[in-house]
Amino acid sequence: MFRPLALAAILATLGITSPVLADDDYMPPVRHGATAKECGECHMAFQPALLPAGAWHRLMAGLDDHFGENASLPPETAADIEAYLVAGARRRGDPEVIRITEQRWWRHEHDFSPQRLARAGAAGPSDCLACHKGAEQGYYEDD
Ligand code: HEC
Ligand code: HEC
């Protein structure tokens, strides 16, 4: 019996991210202290595999105006986080688009109305945890 989710989880604990299994049910959880701390302050610390490398570079270059917030960090911390995010980045996607929720794959998976968001008690599309209870652990298979 082949269980891709279980296998992906095992590979992830071994530090291996399989190019096949890393998309889309399971995103290896954030295991990097600085990222978990600094990027989990205002929202869930989004997993590296949610954005392509180019988008992470772009996002990290604009922390002083991060969706209207000042999320600036000391340069060394920012570089450390950027390296971690880029190392685990998604292989495909639009490098110009820094919102996960505006990436094509994401829009393809989500087709919800404002009513549906409200029913889930989600603050907005980026409130992954409202619908995916296992999001911080990297599981997105349930709603
Ligand atoms: C001071 C608060 C704050 C901090 C710290 C912060 N963010 Fe954000 N982040 C926001 C806000 C506000 C939004 C916009 C939320 C929305 O519109 O849904 C956002 C959105 C995002 C999005 C886009 C989500 C989407 O809509 O797809 C990403 C990706 C993101 N942040 C990554 C990071 C990373 C990486 C860090 C750490 C370097 C970080 N954030 C730190 C406040 C913060
Ligand atoms: C309003 C509820 C809602 C919100 C908010 C939401 N999702 Fe989803 N998501 C769903 C539903 C429903 C599906 C499709 C059904 C399924 O596969 O479980 C889905 C599917 C997915 C999938 C595909 C899973 C698979 O089985 O292939 C991923 C990955 C995902 N979402 C990630 C995210 C991320 C990351 C966020 C936050 C940036 C987010 N979702 C926000 C409801 C939501």
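Points to keep in mind about this one:
- Sequence-distant residues sharing a close amide H with His66 (under 5 Å, placed H): Ala71
- Rounded percent of accessible protein surface that carbon and sulfur make up, region 104-143, 1.4 Å probe: 47 percent
- Table column - 3J(HN,Hα) (Hz), region 75-83, Karplus curve with 6.51, -1.76, 1.60, x for Gly and Pro: x, 5, 5, 4, 5, 4, 5, 4, 4
- R0 of 35 Å, Cβ-Cβ distance Thr77-Glu141: FRET efficiency to nearest 0.05: 0.60
- Remark: region 30-133 carries 62 Å² of accessible area per residue (probe radius 1.4 Å; ligands, DNA and RNA excluded).
- Its residues counted as N, region 30-133 yields a C-alpha radius of gyration over 2.2 N^0.38 Å of 1.09.
- Neighbourhood net charge (14 Å Cβ-Cβ; Lys/Arg +1, Asp/Glu -1) for His43: -3
- Peptides 43-54, 27-38, 69-80, 122-133, ordered by how many other C-beta atoms sit within 10 Å of their residues on average, highest first, read 43-54, 27-38, 122-133, 69-80.
The values are calculated or read from the model by the stated rules, or taken from the named source; none is laboratory data. Everything numeric in this text was worked out from a predicted model, so none of it was measured. Reconstructed Cβ throughout: ideal geometry from the backbone, glycine too, with neighbour counts over all protein chains shown. Please note that ligands, DNA and RNA were not included when accessible areas were found on the heavy atoms of the full protein model with its side chains. Shrake-Rupley method; radii C 1.70, N 1.55, O 1.52, S 1.80 Å.
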